[in-house]
1. Mind giving me the FRET efficiency for Lys6 and Gln67? R0 is 41 Å, r the Cβ-Cβ distance, nearest 0.05 is fine.
2. Rounded to the nearest 5, what % of DSSP beta bridges with both residues in the chain are antiparallel?
3. With an 8 Å cut-off on Cα pairs and a minimum separation of 6 or more residues, tell me the relative contact order of the stretch 113-195 in percent.
4. Per DSSP H run of at least 4 residues, take -39500 (n - 2.57); add these up for the chain, divide by its residues and hand me the 222 nm value, nearest 500 deg cm²/dmol.
5. Given the Cα-Cα distance of Glu232 and Arg45 and 0.36 nm per residue of separation, how much length would full extension add, in nm?
6. Determine the gain in length on full extension of the stretch Ser109-Thr160; use 0.36 nm per residue of separation and subtract their C-alpha separation, reporting nm with one decimal.
7. I'd like the orientation of helix 73-87 relative to the chain: the angle between its Cα long axis and the longest Cα principal axis, in ° from 0 to 90, rounded to 10.
8. Take the cross-link list Lys34/Lys172; Lys13/Lys136; Lys77/Lys133; Lys13/Lys77; Lys46/Lys72 and give me the ones stretching past 18 Å between alpha-carbons.
Amino acid sequence: MESPFKADIVKGKVALITGGASGIGFEISTQFGKHGASIAIMGRRKQVIDSAVSSLRSLGISAIGFQGDVRKQEDAKRVVESTFKHFGRLDILVNAAAGNFLVSPEDLSPNGFRTVLDIDSVGTYTMCHEALKYLKKGAPGRSSSGGGVILNISATLHYTAAWYQIHVSAAKAAVDATTRNLALEWGTDYDIRVNGIAPGPIGNTPGMSKLAPEEINGNKAKDYMPLYKLGETWDIAMAALYLASDAGKYVNGTTLIVDGGLWLSRPRH
Ligand code: HXC
């Protein structure tokens, strides 16, 4: 689908996207690139990164990939520094890397719970922490008044409760708290805007193929989805463009729900 935004809304910006080689992260990489940004992708799997970078370059997008795990502080530091060295600045950090599996609390070990918090919550914080020195106003490549932007990909699971997702619900609740606290402190001190996006079920993503299945893909579930359809990665990328560009310049500390209204709904009776 064609973008409703002008092709230069993030022109000249440099975006680092964790989990940027697949699913929602890859579409954000693609759309940011198509709207003028240079793209650095961070991910764990070299082959997946290489193929994503080739696809971006074939669209004429300036792109580079770095292998790394957001759970390792040294990887986060190296990737942020390498992005800066390669492009000479950093404007946008998108935390899209996430871990997930369906499991009941009885079967989830504390280490399994911790693993997902390590990726989603601590990983997001670690990336923000390492990126601060390049995102804050007055950083190399930035003006003394303009700070960068952080976007944290969240979920809606923890607004209520979600079966077999206790670890992810807890992890995303921490992500939302991190978004608000950094928005407050870094918005005030460094002119950095920090926002989140909470996607609903999005088709053709690793998350969906793992998590859902029939109940959401089947017609039964569609009966109680307000817009009667799954979202597309494109929908999340457009929300990301709005928040990361000047269109969202007064938006700070919010997590924008992009789920077609699903989290509000109950089956019709
Ligand atoms: C129960 C599991 C498990 C499973 C791992 N563990 N998989 N427990 N069921 N299916 C437990 C292990 O037993 C172990 O605990 C601990 O977790 C660490 O396991 P490892 O295999 O060592 O972890 P690791 O190789 O680091 O992999 C972690 C991973 C990750 C979380 C499984 O590889 C992963 O999820 N990758 C997929 C990425 C993905 O799907 N991304 C999309 C996210 S979608 P013990 O106690 O045995 O040592 C998303 C959307 C949310 O986030 C919102 C949806 C609406």
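1. Working: r = 33 Å, r/R0 = 0.82.
The pair Lys6/Gln67 has a calculated efficiency of 0.75.
2. Given both bridge residues lie in the chain, the antiparallel proportion sits at roughly 0 percent.
3. Working: 99 pairs, mean separation 29.6, N = 83.
Contact order relative to length: 36 percent.
4. Working: 10 runs with 112 residues, N = 269.
Taken over the chain, the calculation gives -12500 deg cm²/dmol.
5. On the way: separation 187, 0.36 × 187 = 67.32 nm, distance 2.36 nm.
Contour length minus Cα-Cα distance gives 65.0 nm.
6. Values: separation 51, 0.36 × 51 = 18.36 nm, distance 2.25 nm.
My answer for the length gained is 16.1 nm.
7. It works out to around 50 degrees.
8. Lys34/Lys172; Lys13/Lys77
Rule-based calculations on the coordinates, nothing more; no lab input. Just so we're clear, the structure is a prediction, and the values are computed from it rather than from any experiment. Every residue, glycine as well, gets a Cβ built from its backbone with ideal geometry; the counts of neighbours run over all protein chains shown.
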